[in-house]
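Each remark here refers to the structure printed beneath this line.
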Amino acid sequence: MSTELLDALHVLEHDKGISPDVIVEAIEAALVSAYKRNFNQAQNVRVDFNPEKGSIKVFARKDVVDQVFDSRLEMSLDEAHKLNPVYKVGDVVELEVTPKRLWSNCCANREAGCYSTCSRSRTWYHL
């Protein structure tokens, strides 16, 4: 990730008084939206943005079930056991699905969703 983005995060925090937690939450929400839109995915995803390292990771979240009805949202117990034998029905498996160009895809398509709202502050931020 570019140092310009990390510098911008520090400016928002110090000059505008926006909490780092609010900024990170807004970025993660925008990236979830960008991932689903730009990669045509309906699966449950979680984004982990680490502002100290400047790293972004996207994880698909799948419920472990006895019988799979939607492979985008569910994983069979047998499949889960191939990853880790301790999984049981009802657990959630997270698989990293980070695309190589997620951030640039989002920012190249501002009208498609580089705006996000933070659920805590209900404030809109342009990312």
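The values are calculated or read from the model by the stated rules, or taken from the named source; none is laboratory data. Treat the numbers as computed from the prediction; the structure is a model and nothing was measured. We place every Cβ from the backbone using ideal geometry, glycine too, and count neighbours over all the protein chains shown.
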Checklist entry - On the given criteria, is LEU83 modelled with pLDDT of 85 or more, under 21 Å from THR98 (Cβ atoms) and of a type outside the set (Lys, Arg)? => result yes
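On the basis of being outside any strand (DSSP E or B), free of Cβ contacts under 8 Å to residues at least 24 places away in the same chain and of a type outside the set (Ser, Thr, Tyr), does VAL11 make the cut?
yes
Here is a yes/no grid of residues against (1) of a type in the set (A, V, I, L, M); (2) without any contact (Cβ under 8 Å) to a residue 12 or more places away in the chain; (3) in contact with an Asp or Glu (Cβ under 9 Å, 6 or more places away or on another chain):
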{"residue": "PRO20", "(1), (2), (3)": "no, no, yes"}
{"residue": "ALA30", "(1), (2), (3)": "yes, no, no"}
{"residue": "ASN38", "(1), (2), (3)": "no, no, no"}
{"residue": "ARG46", "(1), (2), (3)": "no, no, yes"}
{"residue": "GLY54", "(1), (2), (3)": "no, no, no"}
{"residue": "PHE59", "(1), (2), (3)": "no, no, yes"}
{"residue": "VAL64", "(1), (2), (3)": "yes, no, yes"}
{"residue": "GLU74", "(1), (2), (3)": "no, no, yes"}
Checklist entry - Among the listed residues LYS100, LYS88, LYS62, which satisfies the condition of being under 30 Å from SER19 (Cα atoms) and at pLDDT 65 or above? => result LYS100
Checklist entry - In region 34-47, is there at least one residue being of a type in the set (A, V, I, L, M), exposed (fewer than 13 other Cβ atoms within 10 Å of the Cβ) and not in a helix (DSSP H, G or I)? => result yes
Checklist entry - Any residue in region 25-32 that is under 15 Å from GLU96 (Cβ atoms), surrounded by 15 or more Cβ atoms within 10 Å (Cβ to Cβ), under 17 Å from the mean Cα position of the chain (by Cα) and not acidic (Asp, Glu)? => result yes
